[in-house]
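Every read-out reported here was derived from the displayed coordinates using simple, explicitly stated rules and does not represent laboratory data. Note that this is a predicted model, so its numbers are computed, not measured. All Cβ positions, glycine included, derive from the backbone under ideal geometry; neighbour counts span all protein chains shown.
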Ligand code: SF4
């Protein structure tokens, strides 16, 4: 796919994941229909104990899911938890590729996702066949994939990374080797600039992060001139913001390009009252719990991942009650994907 660094907001219409089979199942379930939120929470806790399950939640999940989870984190932290847990059952409150990664890392455990239609617009931009074709076109290059890819795609690549360790992983690629980076072009652009490596980009993007534009940064900075700016490297404004930083148009001491895990660390110590948050808005629930004394302003209030939000308490309860939906990755894809994932974990 040729490089074409433009963003068309109409290219990815917002996905519809409201009417999924799991949504219909909980709506038609007579027991679930009469449970209050408190009763659901109590039953989830009881079932979790009974089944010896661990509940993992991504930072972008809705507040009640984050609150009931045993662990909340970014993709890398959740992978580490999935690999380390002794629990025989993992209920993964995140999107499907994350549950696949957990299943690959813990093949002896059962991994459930409350709604398997929780997908990812970024992961959907590349298929295993497209990766094989890209490799045929560049046989001497090393392929690095962001973790937001299917297991079938991970099976075709050399290294995996998350936004929190992408630069370390790229630096671990032998010097002199050119890199094919997929699927997020904005993260790839940031990696080019920060590592200085020769990186060819796949032109994929996340519809949530790509929609966060330079004009959003300018507007929020004008409204909150003393605030710190926390930007996820998937954001569509990240390359322009790096240029603005170099030109002195953005304050060096108050502009931070961070993974969601990096944002959590930042707010634990930052004394400035206001942070502008450039990522999915679910992150703000987590940041408020970390440091409730600060004010968090989203760069865009509509930066909402519909896929993450399709995981709800009724679906989590049904998942634990009925042991649905199991996520399995078959061989040989699991073993081949594991090589790339292990390299991601080694560079954590
Ligand atoms: S926020 Fe974007 S990258 Fe993250 S899961 Fe949703 S669609 Fe995928």
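Mind pulling up the Rg/Rh value for the range 212-302? Radius of gyration and Kirkwood radius, both on Cα.
Value, to two decimals: 0.92.
How do the peptides 127-136, 25-34, 192-201 rank, highest first, by the average count of neighbouring beta carbon atoms within 10 Å per residue?
192-201, 127-136, 25-34
Rounded to the nearest 500 deg cm²/dmol, what is the calculated helix-only ellipticity per residue at 222 nm for the chain, with -39500 (n - 2.57) per DSSP H run of length n ≥ 4? All intermediate terms of the calculation are to be shown ahead of the outcome.
Values: 18 runs with 153 residues, N = 348.
That comes out to -12000 deg cm²/dmol.
Determine, for each peptide in 105-118, 45-58, the mean count of other beta carbons within 10 angstrom over its residues, then list the peptides with the highest first.
Put in order of decreasing packing, that is 105-118, 45-58.
Can you say what percent of the DSSP beta bridges in the chain, counting only those with both residues inside, are antiparallel? Round to 5.
Once the DSSP bridges in the chain are tallied, antiparallel ones form about 5 percent.
Classify the chain from the C-alpha gyration tensor, please: rounded if a/c falls under 1.5, else prolate or oblate depending on whether a/b exceeds b/c.
oblate
Over the chain, what relative contact order in percent results from Cα pairs under 8 Å that are six or more residues apart?
24 percent.
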